[in-house]
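Below: the structure, in structure tokens.
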Amino acid sequence: MPLYDFRCQQCNKAFEALLTSSSTAALDEVKCPKCGSKNVVKTISASSYRLASSSSTPIGKPLGGCVSKGGFS
């Protein structure tokens, strides 16, 4: 199931939602966890994967999250 990032247009809260599909109907059912508004927009997620800029750094080094901590956080 895909995990999407959203921002509420009413209270400006950023949140994630796990959806069963990326269909328009599934996206229309997303509600803000803070105010309950359905006036939300899907945002672009920040990548946790970065290509290295120098040859001494391995390509594809993770930037953090659960990978650097050795488990899920």
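The values are calculated or read from the model by the stated rules, or taken from the named source; none is laboratory data. Given the structure is predicted, the values throughout are model-derived calculations rather than measurements. All Cβ positions, glycine included, derive from the backbone under ideal geometry; neighbour counts span all protein chains shown.
Laid out as a table, the results:
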quantity: Extreme residue, farthest from P33 (Cα to Cα), among residues of region 6-21 that are surrounded by 13 or more Cβ atoms within 10 Å (Cβ to Cβ) and among the aliphatic types (A, V, I, L, M); calculated: L19
quantity: Of residues in region 24-47 being under 11 Å from P2 (Cβ atoms) and of a type outside the set (A, V, I, L, M, F, W, C), the one surrounded by the most Cβ atoms within 10 Å (Cβ to Cβ); calculated: K42
quantity: Only listed residue being under 14 Å from the mean Cα position of the chain (by Cα), modelled with pLDDT of 85 or more and not hydrophobic (A, V, I, L, M, F, W, C), chosen from E16, E29; calculated: E16
